[in-house]
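So the structure is just underneath, and the comments pick up after that.
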Amino acid sequence: MPAQPETKTVSSPTKTAGLGTFGGVFTPSILTILGVIMYLRFGWVVGNVGLLGSFLIVTLAVSITGLTALSISAIATDRVVRVGGAYNMISRSLGIETGGAVGIPLYFAQALSVALYTIGFAESVVSAFGRFNQTYVALIVTILVAVLALTSAQVAIKAQYIIMALIVLSLLSLAFGSPLEETQVELWGAADGEPFWQVFAVFFPAVTGIMAGVNMSGDLKEPTRSIPLGTLAAVGTGYAIYMVLPLFLATRADAITLVEDPLVMQRIALWGPAILLGIWGATLSSALGSILGAPRILQALARDGVLPRWLSFLGHGSGRNDEPRLGTTVTLGIVVAAVTIGDLNLIAPVLTMFFLTTYLVLNIAAGIEGFLNSPSFRPMFAVHWSLSALGAIGCLAVMFLINPVATVVAGVIVTLIFLWIQRRELQSTWGDARRGIWMMLLRTSLFQLGHYPDTKNWRPNMLVLSGAPMRRWGLIELANALNHNRGLFTVTSILPSGSRNIMQQQEMELSISRYLRERGIQALVRVLTAPDPFEGVERLVEIYGLGPLVPDTVLLGDNETPDNRDRYCHLITQLYRSERNVIIYCDRESQVVNRRRHIDVWWGGLHANGALMLILAELLRDGIEWRSAQIHLKLVVPDEQAASTAKTNLKTLVQNLRIDATVNVLVAQDRSFSEILHQSSQQADMVIMGLAEPKDDFRDYYRAIQERIADLPSTVLVLAAPNFAFVDVLETESSH
């Protein structure tokens, strides 16, 4: 039996988080934005695409991150963003599966990016002094950064102030520098420069630091205020700086120098070493931001039960501020292993894809919430859904521009994690936007369906009168075989009046739904109380449904009690008069070997029941379990002369309808139909027969039918609803 679904709730430890907007959001965000690419690659960007090209690239890149920042602001001002930042936002908007699918790769991206930054720091130190081992320097710096994060988020933030001062000093030194040579400003760069979009792809990661502050959400005093204010301020500040820097670079060095010299800023600056200090500050600040953010994502994943149970200890916090010290220690181990390996260039593009995937999904989440306009979504910072949609499109476009292969790899990884989490059937205690999406689609679909049936797309929408599923499981199996996850059917149970209150009925419906789902059956469930089961069925048929989507077929078991035969036959008559198809299943599978290879359809003509019987036989054979079955179309005629004509006509009919069926025309030869039926269908796996239209003598007629089929294998009795052309269903199918 499948394991029971895991139910996890998010614990909200009582703590007093003291980080404000400037220290908790703006500082880590702006320090990640003003990073290594600004110092070592921005000159290359300006040299390749020129002054105007640089302005265009910066504007396009910041537009995408700015739109994402607006989406983040909308979500953050609608609800309290707790530990986990982006993961928390996504899981509460699009569900725990989507949140986990993005959150797990995002954690590893954050963790491994620490190694990228510390290795970059070590490379610059070795380049400047040349006497150190790069791996040892990277390990020492990694451990020091982790110690800062373990000591306290407050201490780490204070360290970032020092780093910010170094970056400000480097920018001032650059601003007051002097030209290297006389230069003519290139508006669009060198003639043989790199293509525009390739340069854009190199620059774009420079503006992807907006999640650094969001990841600290659990340590913020007022996350709903600090996240939008600090994030948007960092985006605006970064944009202003990146728009001014090309002016200094393009007017102080020519395009060739800008392209060929990665440290051209150091030569232009008033005090060259300030640039080197800025590079070190940028790498250290980025490493510190990642080592602060990654464990908090891990902590949130563990608390929500996304991680395996044996990793649940990672959800524990330490100290007054609930800091994830266990998660930081685990993250340090991952980073040290990555630093020891050394070269992370092969996986760096995939890591960038995970960050961009997070942006993409955040935009989708905000866009969906805004589009649905749910009463529960009331952000103080309102953003039109179209802006979030534009941000999502921009993220996807940039992902393919940067690295199409890495985009596909990241997409496959996210999908596999999503399926893994979905398979575990985690249940969250919060609502998300998915139900709103399905409700919107359901509403649209219902109004598009209309009130008139379409013969081209007809499938039985069945009401299965099974009672408790385990008692008449054969009915549910038959309904599922006819449906094979493309139509609808509802499993119903009629209980005596007063036996269950409304709450107990709902609990029973949930219990039956869970029972069916565990056995791979997708069905709706309805439990109803009534003074009498027959009256309950009539009432259910009359009221059950939604708009034009009402059951058109009733599937029920054979009447087993002679005392109830009158009521049973009256029910069939009422169902027929209400223009419902009636399918009666006489389950005999316990009496024979279940081979599912032979279906007998006893023919009485194409109109009335005949067309529906053929449709049901075809639907049955379309399913996996009956796929190897052969349909035998059987007809009884009085003599050999009639047999020849009937056989020709039936073969022509089968050929025209494109149904794979074997035609069997049987000559009576003074035998009764009951004799022929028993002799011919005794070895069948399923027998399908039609019922006559209910009239005054229907009770006696049905008793005779019961006696006739008593010793047959499993039998389906079919009574087609009047006024529906099932012939058109067959002919429509055969014409395509």
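Collect the residues in region 292-308 that are under 15 Å from V335 (Cα atoms) and of a type in the set (A, V, I, L, M, F, W, C), keeping them in residue-number order.
Residues satisfying the conditions are L292, A294, L298.
Per-residue answers, yes or no, for (1) part of a strand (DSSP E or B); (2) closer than 28 Å to H570 by Cα:
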| site | (1), (2) |
| --- | --- |
| M470 | no, yes |
| I476 | no, yes |
| L516 | no, no |
| R526 | yes, yes |
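Just a yes or no: is a residue in region 28-41 out of contact with any His (no Cβ under 7 Å at 6 or more places or on another chain), farther than 30 Å from T257 by Cβ and buried (at least 24 other Cβ atoms within 10 Å of the Cβ)?
For region 28-41, residues out of contact with any His (no Cβ under 7 Å at 6 or more places or on another chain), farther than 30 Å from T257 by Cβ and buried (at least 24 other Cβ atoms within 10 Å of the Cβ): present.
Pick from L270, L247, L292, L284: which is surrounded by 22 or more Cβ atoms within 10 Å (Cβ to Cβ), in the same structural domain as F418 (by TED's automatic domain parsing), aliphatic (A, V, I, L, M) and closer than 29 Å to V199 by Cα?
Result: L284 is the single residue among L270, L247, L292, L284 that is surrounded by 22 or more Cβ atoms within 10 Å (Cβ to Cβ), in the same structural domain as F418 (by TED's automatic domain parsing), aliphatic (A, V, I, L, M) and closer than 29 Å to V199 by Cα.
Being among the polar types (S, T, N, Q), at pLDDT 90 or above and surrounded by fewer than 24 Cβ atoms within 10 Å (Cβ to Cβ) narrows it down to one of T237, T340, T331, so name that one.
T237
Please indicate, with yes or no, whether at least one residue in region 480-490 is part of a helix (DSSP H, G or I), of a type in the set (A, V, I, L, M) and in contact with an Asp or Glu (Cβ under 7 Å, 6 or more places away or on another chain).
yes
One line per residue, one yes/no per condition, for (1) in a helix (DSSP H, G or I); (2) under 36 Å from the mean Cα position of the chain (by Cα):
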| position | (1), (2) |
| --- | --- |
| A111 | yes, yes |
| A138 | yes, no |
| V147 | yes, no |
| V168 | yes, no |
| P179 | no, no |
| E182 | no, no |
| F204 | yes, yes |
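Residue by residue, here is whether (1) surrounded by 18 or more Cβ atoms within 10 Å (Cβ to Cβ); (2) within 30 Å of R486 (Cα to Cα); (3) in contact with a helix residue (DSSP H, G or I) (Cβ under 7 Å, 6 or more places away or on another chain); (4) touching a residue at least 12 places away in the same chain (Cβ under 8 Å) holds:
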{"site": "D622", "(1), (2), (3), (4)": "no, yes, no, yes"}
{"site": "A646", "(1), (2), (3), (4)": "yes, no, no, yes"}
{"site": "I659", "(1), (2), (3), (4)": "yes, yes, yes, yes"}
{"site": "R671", "(1), (2), (3), (4)": "no, no, no, no"}
{"site": "D685", "(1), (2), (3), (4)": "yes, yes, no, yes"}
{"site": "I688", "(1), (2), (3), (4)": "yes, yes, yes, yes"}
{"site": "T715", "(1), (2), (3), (4)": "yes, yes, yes, yes"}
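Could you please let me know if P694 is at pLDDT below 90, farther than 26 Å from H598 by Cβ and part of a loop (DSSP other than H, G, I, E, B)?
Criteria not met by P694.
Pick from N656, N664: which is within 52 Å of the chain's Cα centre (by Cα) and not in a strand (DSSP E or B)?
N656
Does S226 count as in the same structural domain as P404 (by TED's automatic domain parsing), in contact with a strand residue (DSSP E or B) (Cβ under 8 Å, 6 or more places away or on another chain) and of a type in the set (S, T, Y)?
yes
Taking T142 and the conditions (1) assigned to a helix (DSSP H, G or I); (2) of a type in the set (S, T, Y); (3) farther than 24 Å from G293 by Cβ, which numbered condition does it fall short on, given that it satisfies the others?
Status for T142: all satisfied but (3).
Would you check if R597 is assigned by TED's automatic domain parsing to the domain that holds D660, touching a residue at least 40 places away in the same chain (Cβ under 8 Å) and farther than 24 Å from V727 by Cβ?
yes
So, G189, is that one under 17 Å from N48 (Cβ atoms), of a type in the set (G, A, S) and either touching a residue at least 40 places away in the same chain (Cβ under 8 Å) or touching an Asp or Glu at 6+ places or on another chain (Cβ under 9 Å) (or both) or not?
yes
Applying the selection to region 531-542, what residues are part of a helix (DSSP H, G or I) and either in contact with an Asp or Glu (Cβ under 6 Å, 6 or more places away or on another chain) or farther than 21 Å from G487 by Cβ (or both)?
Correct list: P533, F534, E535, G536, E538, R539, E542.
The values are calculated or read from the model by the stated rules, or taken from the named source; none is laboratory data. Keep in mind the model is a prediction, meaning the values are calculated, not measured. Neighbour counts run over all protein chains shown; Cβ positions are idealised from the backbone, glycine included.
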